[in-house]
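What follows is a single structure, written as structure tokens, with notes after it.
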Amino acid sequence: MLDEKRLQNMDQRTHDAREQVQVRNVEFLGEQDGVPERELKQRLCQLFIKRGGVKKAYLARVQYDAKIDAVALCLDVNAGGMEEVVESVQRIFAEMFGPQEHLDILPLDLSLEAAVSKSCQPFFGQSR
């Protein structure tokens, strides 16, 4: 578990609305995988290759503050590139899953990457 991490929640009900929230603890529970998730990962890989700047990406099941279960796209992105990546990911996610669904995006620092890599493999980039 990690303390006081910021995540971006892409609320698809308004499609462009993004909210940053603070959580005390993040626990990584494992990889989120299934047929729609593999299609999402494939489309995101294409995006990341085309636009560049994304070093590593995980799609993980997470638990916030020991009570809220969610799925988070965990990204290691070059400095200054997160906003553009979030916008592009939001478009792809909304096309695939519709406006009623949301996806959390968790920017990775060294401690978060160490934690997530213990529970799942990146779907984009190399594991250390």
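The values are calculated or read from the model by the stated rules, or taken from the named source; none is laboratory data. In this text the structure is predicted, and so the values were computed from the model without any measurement. Positions of Cβ are generated from backbone atoms using ideal geometry, with glycine treated the same way; all protein chains shown enter the neighbour counts.
Restricting to segment 109-127, what's the tally of residues that are over 15 Å from ARG61 (Cα atoms) and touching a helix residue (DSSP H, G or I) at 6+ places or on another chain (Cβ under 7 Å)?
2
Is there a residue being farther than 16 Å from VAL23 by Cβ and either surrounded by 15 or more Cβ atoms within 10 Å (Cβ to Cβ) or not aliphatic (A, V, I, L, M) (or both) anywhere in segment 103-111?
Among the residues of segment 103-111, not one is farther than 16 Å from VAL23 by Cβ and either surrounded by 15 or more Cβ atoms within 10 Å (Cβ to Cβ) or not aliphatic (A, V, I, L, M) (or both), which makes the answer no.
Take segment 83-106 and flag every residue that is closer than 22 Å to VAL26 by Cβ and without any contact (Cβ under 8 Å) to a residue 60 or more places away in the chain.
The answer is GLU83, VAL85.
Restricting to segment 53-92, give me the number of residues that are under 18 Å from GLY34 (Cβ atoms) and over 11 Å from the mean Cα position of the chain (by Cα).
2
Considering segment 7-42 alone, what residues qualify as being modelled with pLDDT under 65 and surrounded by 11 or more Cβ atoms within 10 Å (Cβ to Cβ)?
Once the filter is applied, which keeps residues that are modelled with pLDDT under 65 and surrounded by 11 or more Cβ atoms within 10 Å (Cβ to Cβ), segment 7-42 yields LEU7, GLN8, ASN9, MET10, ASP11, GLN12, HIS15, ASP16, ALA17, ARG18.
Condition check ((1) modelled with pLDDT of 95 or more; (2) touching a Gly at 6+ places or on another chain (Cβ under 9 Å); (3) surrounded by fewer than 19 Cβ atoms within 10 Å (Cβ to Cβ)) across all residues:
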{"residue": "GLY53", "(1), (2), (3)": "no, yes, yes"}
{"residue": "ALA60", "(1), (2), (3)": "yes, yes, no"}
{"residue": "ASP65", "(1), (2), (3)": "no, no, yes"}
{"residue": "ILE68", "(1), (2), (3)": "no, no, yes"}
{"residue": "LEU73", "(1), (2), (3)": "yes, no, no"}
{"residue": "GLU87", "(1), (2), (3)": "no, no, yes"}
{"residue": "GLN90", "(1), (2), (3)": "no, no, no"}
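Kindly indicate whether SER119 is in a helix (DSSP H, G or I), farther than 17 Å from LEU40 by Cβ and more than 14 Å from the chain's Cα centre (by Cα).
no
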